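The numbers here are math on the coordinates, done by the rules we state, and not lab data. The model shown is predicted, which means the values in this text are computed figures rather than measured ones. We place every Cβ from the backbone using ideal geometry, glycine too, and count neighbours over all the protein chains shown.
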Amino acid sequence: MDTKISCPLFNERGRLCMDVLPFVPQGFQTLQFCLTSQYAQCPFFKYVNNPTIYCEYFKNCSICERFVKTEFEAFVELAETWCLSHFRQCARREKRNRGEIPPPNLLPSGDALSE
Ligand code: SF4
Ligand code: SF4
């Protein structure tokens, strides 16, 4: 693991990405991103640098928040696969665009997350 390069948004004040995003990830799960060159793959870093490439619901998506709090690696994969690329096919986004509130366990694929 490269420990010489760290995220420009990580300093003595903490994670500056949190000033922009409402998510509060579990610190220990994000450190491998914050403290290494892997920061470039962090969805928060990408969002802060260019929010226009993301789904418009990213900042207040409950499934993202859920994964951020519990499984940061899984959140990174979800954000890469859906929020940052195939968001037009996301089942949650489709519901929100129809004015509906997606069930908390609805995954972007349309499958249900087992509780
Ligand atoms: S790596 Fe990600 S979580 Fe860590 S400070 Fe940078 S943007 Fe925030
Ligand atoms: S693509 Fe889907 S999961 Fe991602 S932020 Fe948008 S609504 Fe949420």
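Once the piece of chain linking Arg88 and Asn105 is laid out straight, how much longer is it, given 0.36 nm per residue of separation minus the C-alpha distance between them?
This chain segment gains 4.2 nm when fully extended.
Excluding Pro108 itself, what net charge comes from residues whose Cβ is under 10 Å from its Cβ, given Lys and Arg +1 and Asp and Glu -1?
Combined, the nearby Lys, Arg, Asp and Glu give 0.
In whole Å, what are the Cα extents of the chain along the three principal axes, biggest one first?
On the principal axes, the chain reaches 45, 30, 21 Å in Cα extent.
Grab the beta carbon distance between Glu12 and Glu56, set R0 = 35 Å, and tell me the FRET efficiency rounded to 0.05.
So, using R0 = 35 Å, E works out to roughly 0.60.
With just the Cα atoms defining each centre, how far is the stretch 62-86 from the stretch 5-28? Give it in Å.
Centre-to-centre (Cα) distance: 16 Å.
Springs between alpha-carbon atoms under 10 Å, Gaussian network over the chain: tell me which of Pro103, Pro43, Pro25 tops the mean-square fluctuations.
Pro103
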